[in-house]
Amino acid sequence: MKVRYRRIDYLSTRAFPGQPSSVVYLSGCPFSCFYCSGGGEVRDAEAGQLAERLIQGAELVDALVVGGCEPLVQESAIELLTSLAGRGMKLKVCTSGFVPELLERTIELNLVDAVELYLRAPLDTEMYARVTGRGEAVDRVFHTLNLLSSFDGVLQVSALLAPPIFTQEYLPELSQVLRRMGFDRLDAVHWWDAGHIPATSESREMVRTGGYQGEVV
Amino acid sequence: MGEAANRVHIVKASGEIEVFNPNMVTSDCQDAGIDFWTAVEVAQEVSKRIKDGASTREIQQETLRVLYAMNPEAAERYKRYHSMYVRTSRNTIEAFDRKKIVESLILETSLPREIAENIAREAEAELRRLKLEFISAPLIREVVNVKLLEHGFEEARASYTRLGMPVYDASLLVEGASRDAEEVHRAMAANVLKEFVLLKVLPLSLADAHMKGDLHIHAIEAFATKASSCVHDLRYYLLSGIRGRKAAVPPPGDALDALLLAVNLLRYGMGSFSTSQCLDYVNVFLAPYLRGLSDAEMSRIARLLLRQISQLGASCDLWVEYGVPRFMSSMEAVLPGGEMDGTTYGEFEEEASSFALAIARAYASGDHLGMPFSSPRLCFRLRDEHWDRHGYSTFLQLAHQAAAAGAEHLFASPRGNELQAGTYTLPADTAVGAAMLQVVTVNLPRIAYQSGGSDRRLFELLEDRVRLALEALMLKKEVIERRVAAKVLPLLDDSYASTPILLGVGYVGLNEMLMAHLGAELHREEALGFARRVLRQMYSLVTQEGEASRRFVLVQQLDENPHRRLARLDHGIFAHRVAVSAERRGGEVRYTPASWVSEDAELPLAKRLEIEGEFHRLCHGGAVSVIPLREQVPDPVPLLKLSRRIAADTQLRFWKYIREVGR
């Protein structure tokens, strides 16, 4: 099966906790976030071939990360993860929480050592609708959180801050919700620091001119 | 009364005092067109009237008064002739005197007197035609230079011309907000020296090659005055102190003395080295002075060392080893007071490790305002033998923490039994210091543009350019040896004979050379083989020159960004070809430095470093690979793991991390 992807970063120090890693950013996303252009060049490759390329290029790193806005919207992502698993590298998948079914399969098949869930907005229908255009996503995100609460690998839940709508002010409340669900940690990162968001020219300009400000938590 | 008592002294415009000679008045009058007998009569009368201490101006006024009384018409002629004044380069205002042009032409250009007089006469006529009351010394030179060129004396013109800079450029420098006074002075001096080197020191072929962009002569303004860079062997100075014309520091007796000696060494070295200086194994050599100090005292010494060096305003590398490397453990140590009693550096293992840690900690906490140090650059070697040592991980963790935060720390991994002195790779049995006299970088893409696709032509041109670079280096060696003999190079004067000397041939744009010649970039298999041929050819041409202690080496020199200057020049000449081969970013063209893989190449890091590491092996004058970190806040823990992998699994000798957010 073909996998559509945007790019490969052969070195990241942040994508996998504590390990130098390579990241492949898959294309496709169910959301239309207000700051995201959704665009950029998309390439495709057979899942197995892409996996080989990643493994061969990973001589100096210890982990591989399958990321992107939502890699699991592509069914072929499972094939890619399957090809990468068990090759002596730590493996992580990033998700927006929109596709719990595929994430569940990933976990059942014991493919990954780590999962990172990016929350696009406070867990509220209206807020999700304002940021992503998909208010109904909240139910899927809750489903994903429930799945992950029993995941025994490395788990990261990160709030993808998007001022002026999703700001740090929402973090205490969000933390409480997550704590009630059994999570003990919430990270936060501005969307422009996350590394995988293709920004619109307007949002890029706003970041450049300081229109978006704020400390990373 | 004796004859001396009758002498009248006059004061010249320059302030000099000399005995009055009536012939000066006679000559002055004749120059103005007055007949000999009248002139003699006037001189006699003036001699009677002037008093001891009269100025030349007063003598001229007296002459004029005498002339008006004798012959008003002659007086008018004299007045007209002497009404042109010169603002001299000695900051005086003097009456114009053609003879001075004649004498300076003979002195500075070696032209025969007859020709010099002819040129001076024509220049004077030209100047008088302009009817200026005041003329400046530079204006006279400009007019004389035009006359020299009109008569075909091009070489004489090159010797006679002035060096300097346009008033407009000087205004920009002085009024530019970004430079302090010292920087303005340095920039202006550099400008004059650069012109001097291009005009008088380098033969035309080399000056043209630099200006046209076949080559880049690094720090060209210092070509006639200083060596390029140096890795100091600190032991030499700990043993004997610093002995120079302007500085004398005795062998240090304690830690603070030793620290000040190291700093003074760098300060003093600024007079000898134009580009950078380096203190290698600094914590090892200072370890004997630290015995018995508490951790707090050691931290203070480390902080002082960094702060003092940061205030020098010079580019400086400090290499810190964690403890004493095995190859140094049996070296006899220089002890406080310059003593040597058979104690070895191996016996100061603990002090060397603790001080290394103290330096890394002091650097990580920044200057007294908490700001990162811009100088010195800290450099770290990863050695397998150190991994068992307690504290080594903490030490490297601190180094990588600073690197992740933006410090341009340099990391190194010595291969086999190579000896590294700073970024130089030396034979194992040599000293731990060396001096690089000069680096000349070859513009590789231009060779490809000029070879028209022919391999044979490309290698011929490559050989020509390398030989041209070697010619410049040999000339530099002569220049330095003359200055060493004249004892005007502090630090090199005494040690030149015993210091390993390097002369470096650099190169730029291997990637673009391959693109222009083969249509494929360095990381493509079909181009990599050709790249190996090019570098091997250069290596062979360069290393067959010189001798054991005076070695010609390949080097990847990035100071002054030759990859930008040479790309700009090529863009002006070979625009249609450069358009496809040079990177264009934000309106500027630049080549890929040295044998780096293009940063745009989609290549795994391991492959990139494998290619670059292959060429590090050939560059004994230094080669550094740069690993970009494209995250806002890189994590130091994975970074340290990566460094360990680089040291273990690649052939890279030197690397550094740079933060490149937003790409």
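For segment B:560-663, which fully contained helices (runs of 4 or more DSSP H) count at least 3 residues that are at pLDDT below 85?
Helices (runs of 4 or more DSSP H) meeting the threshold: B:575-581.
Got at least one residue in segment B:546-562 being among the acidic types (Asp, Glu) and within 14 Å of chain A (Cβ to nearest Cβ)?
So far as segment B:546-562 goes, no, none of its residues is among the acidic types (Asp, Glu) and within 14 Å of chain A (Cβ to nearest Cβ).
Could you list all residues from segment A:1-15 that are surrounded by fewer than 24 Cβ atoms within 10 Å (Cβ to Cβ), more than 9 Å from every other protein chain (Cβ to nearest Cβ) and hydrophobic (A, V, I, L, M, F, W, C)?
A:MET1, the sole residue that qualifies.
Which residues, counting only those in segment B:619-638, are within 14 Å of chain A (Cβ to nearest Cβ) and either under 34 Å from the mean Cα position of the chain (by Cα) or not hydrophobic (A, V, I, L, M, F, W, C) (or both)?
Residues satisfying the conditions are B:SER625, B:VAL626, B:ILE627, B:PRO628, B:LEU629, B:ARG630, B:GLU631, B:GLN632, B:PRO634, B:ASP635, B:PRO636, B:PRO638.
Quick one: which helices (runs of 4 or more DSSP H) lie wholly within segment B:1-118 and hold at least 1 residues that are at pLDDT below 85?
The qualifying helices (runs of 4 or more DSSP H) are B:3-6, B:22-31, B:56-70, B:72-81.
For segment B:631-649, name all the residues that are touching a residue at least 60 places away in the same chain (Cβ under 8 Å), crowded, with 19+ Cβ neighbours inside 10 Å and farther than 15 Å from B:PHE380 by Cβ.
Listed by number, the residues that qualify are B:PRO634, B:ASP635.
Can you tell me which residue within segment B:398-419, out of those that are in contact with a Leu (Cβ under 6 Å, 6 or more places away or on another chain) and assigned to a loop (DSSP other than H, G, I, E, B), is nearest to the other protein chains (Cβ to nearest Cβ)?
B:SER413
Provide a single number: the residues in segment B:12-23 that are buried (at least 16 other Cβ atoms within 10 Å of the Cβ) and not aromatic (Phe, Trp, Tyr).
Of the residues in that region, 2 qualify.
B:LEU67: at negative phi and touching a Ser or Thr at 6+ places or on another chain (Cβ under 9 Å), yes or no?
yes
Hey, does segment A:17-29 have a residue that's touching a Leu at 6+ places or on another chain (Cβ under 8 Å), at pLDDT 95 or above and hydroxyl-bearing (Ser, Thr, Tyr)?
Within segment A:17-29, one or more residues are touching a Leu at 6+ places or on another chain (Cβ under 8 Å), at pLDDT 95 or above and hydroxyl-bearing (Ser, Thr, Tyr).
Here's the yes/no breakdown for (1) out of contact with any strand residue (DSSP E or B) (no Cβ under 8 Å at 6 or more places or on another chain); (2) at pLDDT below 95; (3) over 24 Å from B:PRO490 (Cβ atoms); (4) buried (at least 23 other Cβ atoms within 10 Å of the Cβ):
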{"residue": "B:MET270", "(1), (2), (3), (4)": "no, yes, no, no"}
{"residue": "B:LEU279", "(1), (2), (3), (4)": "no, no, no, yes"}
{"residue": "B:VAL284", "(1), (2), (3), (4)": "yes, no, yes, yes"}
{"residue": "B:ARG291", "(1), (2), (3), (4)": "yes, no, yes, no"}
{"residue": "B:SER310", "(1), (2), (3), (4)": "yes, yes, no, no"}
{"residue": "B:GLY313", "(1), (2), (3), (4)": "yes, yes, no, no"}
{"residue": "B:GLY323", "(1), (2), (3), (4)": "yes, yes, yes, yes"}
{"residue": "B:PHE327", "(1), (2), (3), (4)": "no, yes, yes, no"}
{"residue": "B:GLU332", "(1), (2), (3), (4)": "no, no, yes, no"}
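Going by the structure shown, is B:LEU256 over 26 Å from the mean Cα position of the chain (by Cα), under 16 Å from B:GLU339 (Cα atoms) and aliphatic (A, V, I, L, M)?
Here the answer is no, as B:LEU256 does not meet what is asked.
Could you tell me which numbered condition A:GLU75 fails, if it satisfies all but one of (1) more than 14 Å from chain B (Cβ to nearest Cβ); (2) of a type outside the set (Lys, Arg); (3) free of Cβ contacts under 8 Å to residues at least 12 places away in the same chain?
Exception for A:GLU75: condition (3).
Going by what's in this entry, would A:VAL65 be described as away from chain B (no Cβ under 13 Å), farther than 18 Å from B:LEU609 by Cβ and of a type in the set (A, V, I, L, M)?
no
Consider segment B:373-388. How many of its residues are surrounded by fewer than 16 Cβ atoms within 10 Å (Cβ to Cβ) and in contact with a helix residue (DSSP H, G or I) (Cβ under 9 Å, 6 or more places away or on another chain)?
Here the count works out to 4.
Mind listing whichever residues of segment B:478-500 are crowded, with 18+ Cβ neighbours inside 10 Å and either modelled with pLDDT of 95 or more or closer than 16 Å to B:SER274 by Cβ (or both)?
The answer is B:VAL479, B:ILE480, B:ARG483, B:VAL484, B:LEU489, B:PRO490, B:LEU491, B:LEU492.
What single numbered condition from (1) surrounded by fewer than 21 Cβ atoms within 10 Å (Cβ to Cβ); (2) in a helix (DSSP H, G or I); (3) assigned by TED's automatic domain parsing to the domain that holds B:PHE273; (4) not polar (S, T, N, Q) fails to hold for B:GLU195?
Of the numbered conditions (1) surrounded by fewer than 21 Cβ atoms within 10 Å (Cβ to Cβ); (2) in a helix (DSSP H, G or I); (3) assigned by TED's automatic domain parsing to the domain that holds B:PHE273; (4) not polar (S, T, N, Q), the odd one out for B:GLU195 is (3).
(1) out of contact with any helix residue (DSSP H, G or I) (no Cβ under 6 Å at 6 or more places or on another chain); (2) in the same structural domain as B:THR592 (by TED's automatic domain parsing); (3) among the aliphatic types (A, V, I, L, M): which one isn't true of B:LEU426, the others all being true?
Result: B:LEU426 fails condition (2) only.
Of all residues in segment B:609-618, which are out of contact with any Lys or Arg (no Cβ under 8 Å at 6 or more places or on another chain) and either of a type in the set (Val, Ile, Thr) or more than 8 Å from chain A (Cβ to nearest Cβ) (or both)?
B:GLU610, B:ILE611, B:GLU612, B:PHE615, listed by residue number.
Against the condition within 14 Å of another protein chain (Cβ to nearest Cβ), without any contact (Cβ under 8 Å) to a residue 24 or more places away in the chain and part of a loop (DSSP other than H, G, I, E, B), how does A:GLU59 come out, does it pass?
Here the answer is yes, as A:GLU59 does meet what is asked.
Would segment A:63-85 turn up any residue that is in a strand (DSSP E or B) and surrounded by fewer than 20 Cβ atoms within 10 Å (Cβ to Cβ)?
Scanning segment A:63-85, I find no residue that is in a strand (DSSP E or B) and surrounded by fewer than 20 Cβ atoms within 10 Å (Cβ to Cβ), so the answer is no.
I'm checking my understanding of the structure. Among residues of segment B:119-139 that are in a helix (DSSP H, G or I) and touching a Lys or Arg at 6+ places or on another chain (Cβ under 6 Å), which one is surrounded by the most Cβ atoms within 10 Å (Cβ to Cβ)?
Residue satisfying both the conditions and the ranking: B:ILE119.
Please go through segment B:639-650 and give me each residue that is touching a helix residue (DSSP H, G or I) at 6+ places or on another chain (Cβ under 7 Å) and facing chain A (nearest Cβ under 7 Å), ordered by number.
B:LEU639, B:ILE646
One residue is enough: does segment A:16-38 have a residue meeting the conditions closer than 30 Å to B:ALA403 by Cα, over 19 Å from the mean Cα position of the chain (by Cα) and either within 14 Å of another protein chain (Cβ to nearest Cβ) or assigned to a strand (DSSP E or B) (or both)?
The answer is no; no qualifying residue exists.
Take the residues in segment B:325-353 that are part of a loop (DSSP other than H, G, I, E, B) and within 33 Å of the chain's Cα centre (by Cα), then tell me which one is farthest from B:ARG381 (Cα to Cα).
My answer is B:VAL334.
Just checking, which of B:ALA222, B:ALA209, B:ALA158, B:ALA181 is over 14 Å from the mean Cα position of the chain (by Cα) and surrounded by 19 or more Cβ atoms within 10 Å (Cβ to Cβ)?
Among B:ALA222, B:ALA209, B:ALA158, B:ALA181, only B:ALA209 is over 14 Å from the mean Cα position of the chain (by Cα) and surrounded by 19 or more Cβ atoms within 10 Å (Cβ to Cβ).
Residue-by-condition table, conditions (1) more than 20 Å from B:ARG564 (Cβ to Cβ); (2) surrounded by fewer than 20 Cβ atoms within 10 Å (Cβ to Cβ):
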{"position": "B:PRO593", "(1), (2)": "no, no"}
{"position": "B:LEU603", "(1), (2)": "yes, no"}
{"position": "B:LYS607", "(1), (2)": "yes, yes"}
{"position": "B:GLU612", "(1), (2)": "no, no"}
{"position": "B:ALA623", "(1), (2)": "no, no"}
{"position": "B:LEU629", "(1), (2)": "yes, no"}
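The values are calculated or read from the model by the stated rules, or taken from the named source; none is laboratory data. Note that the structure is a prediction, hence the values are computed from the model and not measured. For neighbour counting, all protein chains shown are included, and Cβ atoms are generated from backbone atoms with ideal geometry for every residue, glycine included.
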